[in-house]
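The values are calculated or read from the model by the stated rules, or taken from the named source; none is laboratory data. Since the structure is predicted, the reported quantities are computational estimates derived from the model, not experimental observations. Don't worry about glycine lacking a Cβ; one is built from the backbone with ideal geometry, like all the others, and counts go over all protein chains shown.
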Amino acid sequence: MTELGYKRKLRADDPYTDAAYLEGRYDEPVAIERLFAEAPAGFAIEVEIGGGRGNFAFERLAFDPEVRLLGLEIRKKWATIVDRKLRALGLGGRGRCYAEDARIALPRLQPSGRVRAVFLSFPDPWWKKRHEKRLVLGEGVQAEIERLLMPGGELFVQTDVEHRFEQYKAFLDTRAALAPKGDLPGDPRLAENPYGARSPREKRALADGLPIYRLRYEKRA
Ligand SMILES: C[S@@+](CC[C@H](N)C(=O)[O-])C[C@H]1O[C@@H](n2cnc3c(N)ncnc32)[C@H](O)[C@@H]1O
């Protein structure tokens, strides 16, 4: 364990030494608004968990100039490449991707009720029973998502694994803090992605003609 509380790989030939991490110890609060250099009053903050190669972030920021997007990606390689690309695209003031485990980073973010939307695209693609303990979308992360969302704030989840979709829906339908916000009243299912941005896996699934299962909920007032 490092002084930050968890292991970070340090190698002499590490090509990702410029990886971005949230400042401070793993148990210290982080003011979410301070993560963005260009921050007019009342700006919208959105969070993407596990963005992988990052396409969703680039397209989301281009689609809505009001948005500030915080990415949390556990794989240092992808977090670093995405964070570099955000800067190269001139979007570094509005979008950041930190090499962080969402399970550790989300509880640090403050204040509660500041986030307009949380996106999870194609998380947890494994299906074996022994992989259940690795699920990102479990009680701990979900409680933090609900804490961070503002009233009316949205949680968007999409997957191409039908079993995972059923599992997420059954889980999220029980959450007292959430109300379904899909295409039909009282139902969280969405046929399309309404955020003007595609994740890498979403693009591939569309190109391959695979079904994509989408869910949207909003935080109750
Ligand atoms: C199947 S990939 C999907 C990537 C991208 N969202 C897409 O749709 O193409 C799942 C991603 O979640 C990331 N991930 C898994 N567990 C995570 C965690 N605890 N915190 C942050 N990211 C995580 C993985 O590293 C991976 O990039």
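Restrict the check to segment 85-98 and report whether at least one residue is in contact with a Leu (Cβ under 7 Å, 6 or more places away or on another chain), charged (D, E, K, R), more than 25 Å from N193 (Cβ to Cβ) and within 16 Å of the ligand (Cβ to nearest atom). Checked segment 85-98: no residue is in contact with a Leu (Cβ under 7 Å, 6 or more places away or on another chain), charged (D, E, K, R), more than 25 Å from N193 (Cβ to Cβ) and within 16 Å of the ligand (Cβ to nearest atom). Hey, does segment 152-170 have a residue that's near the ligand (Cβ under 10 Å from one of its atoms), outside any loop (DSSP other than H, G, I, E, B) and farther than 20 Å from L61 by Cβ? Yes - at least one qualifying residue is present in segment 152-170.
When E66 is tested against (1) closer than 15 Å to A197 by Cα; (2) out of contact with any strand residue (DSSP E or B) (no Cβ under 6 Å at 6 or more places or on another chain), exactly one condition is not met: (2).
Within segment 59-84, if we keep just the residues that are in a helix (DSSP H, G or I) and aliphatic (A, V, I, L, M), the residue that is farthest from A117 (Cα to Cα) turns out to be I81. From the list A221, A197, A176, the lone residue that is assigned to a loop (DSSP other than H, G, I, E, B) and within 16 Å of the ligand (Cβ to nearest atom) is A197.
For segment 110-133, state whether one or more residues are of a type in the set (A, V, I, L, M), at pLDDT below 95 and under 14 Å from the mean Cα position of the chain (by Cα). Within segment 110-133, not a single residue is of a type in the set (A, V, I, L, M), at pLDDT below 95 and under 14 Å from the mean Cα position of the chain (by Cα).
Looking across segment 82-96 at every residue that is closer than 25 Å to D124 by Cβ and touching a residue at least 40 places away in the same chain (Cβ under 8 Å), the one that is nearest to the chain's Cα centre (by Cα) is identified as R96. Considering only residues in segment 49-84 that are basic (K, R) and under 17 Å from A19 (Cα atoms), the one that is nearest to the ligand (Cβ to nearest atom) turns out to be R75. The residue of segment 34-79 that is surrounded by the most Cβ atoms within 10 Å (Cβ to Cβ), among those that are among the basic types (K, R) and more than 19 Å from K203 (Cβ to Cβ), is R68. Taking the residues in segment 99-126 that are part of a strand (DSSP E or B) and touching a helix residue (DSSP H, G or I) at 6+ places or on another chain (Cβ under 7 Å) as candidates, determine which candidate is nearest to the ligand (Cβ to nearest atom). Per the stated criteria, the residue is S121.
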